[in-house]
1. Once you put a point 7 Å from the Cα of residue 64 and another 7 Å from the Cα of residue 210, both along the Cβ direction, what distance in nm separates them?
2. Go ahead and run the numbers for FRET between residue 114 and residue 42, Cβ-Cβ distance against an R0 of 30 Å, rounding to 0.05.
3. Probe radius 1.4 Å, ligands and nucleic acids left out: which of 79, 97, 87 has the largest accessible area, and how do the rest follow?
4. Compute the signed sum of charges (Lys and Arg +1, Asp and Glu -1) over the other residues within less than 10 Å, Cβ to Cβ, of residue 109.
5. In the range 51-105, with Lys and Arg counted as +1 and Asp and Glu as -1 at Cβ, which of these residues, 91, 56, 78, has the Cα nearest the positive end of the dipole, that is, farthest along it?
6. Quick one: accessible surface of residue 81, probe radius 1.4 Å, all protein chains present, in square angstrom to the nearest 10.
7. Excluding ligands, DNA and RNA, what is the solvent-accessible area per residue of the range 66-131 at a probe of 1.4 Å, expressed in Å²?
8. By accessible area of protein heavy atoms, probe 1.4 Å, what ranking do 84, 78 get, highest first?
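The values are calculated or read from the model by the stated rules, or taken from the named source; none is laboratory data. Not measured: the values here are computed from a predicted model. For neighbour counting, all protein chains shown are included, and Cβ atoms are generated from backbone atoms with ideal geometry for every residue, glycine included. Note: areas computed on protein heavy atoms with side chains; ligands, DNA, RNA excluded. Shrake-Rupley method; radii C 1.70, N 1.55, O 1.52, S 1.80 Å.
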Amino acid sequence: MAIPRPMAHPLAAALLLVALASSSVLADDDMGLSVAPIESILGAIRVSYEVDEPFTPRLTETLLQGMPATVTFEVGLWKRRAFWFDKLVIALRSEHKIAYDEWAKSFRIRSGQSPPQSRTAPDLDSLRALLFVGRRIPIAAAAALDSTGAYYVSVRVTIRPVAVEDLGEIERWLAGESPGPEGAQRGIPRYLLGLAVNLSGLGERTALEKSERFIPARLGGTSTSSR
């Protein structure tokens, strides 16, 4: 685990400990994750999925107060094997850091690395649309799979509030992209001042769903383009 950077204010360090202790408490994980039947499009096996309820009312409240969160999608392509464990053929992972920018009154989203991609969502509905609605991704070339083998796809979604590494990183990120009025004092992020209350009972949310089994040779092909 990375060692967190020293904080300039003792209150910040104390509240961070409260956050870490509270993050172990389980939250309601009924996120409404659904995985559509697998498709073969232009020679690529593709999976579509979406999350209907990524944010609880409590999580929504704390996000709007400026608390950062990390959203992770993990997609696995598995081959069924009789009398043995299923084989993981391909694993894909994407990570998105989100934070509400008080100065810009919008959500900032930073995705991936080397270099990261930055986007903006003006409100919570736009944030849902960008990250959780109607996602369709290619996961493998159909020709690379056993045409008569049985496969399925697993999708795991995780929303993790206040990762240790986020605290300093997110503040520097927001300060660099949206510094606010000239001469304004950013100081301790406002979310730190409310962690002791707002994170009570709030923890990591996660959901896991699997697609229906499919056999590549039976999928057929289509020229439909991805959305």
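1. If labels sit at residue 64 and residue 210, their model points lie 3.9 nm apart.
2. 0.65
3. Numbers: 79 55, 97 20, 87 105 Å².
Reading off the accessible areas and sorting them downward yields 87, 79, 97.
4. It works out to a net charge of +4.
5. My answer, from the dipole projection, is 78.
6. We get 90 Å² for residue 81.
7. 54 Å²
8. Numbers: 84 165, 78 70 Å².
If we order 84, 78 from most to least accessible, we get 84, 78.
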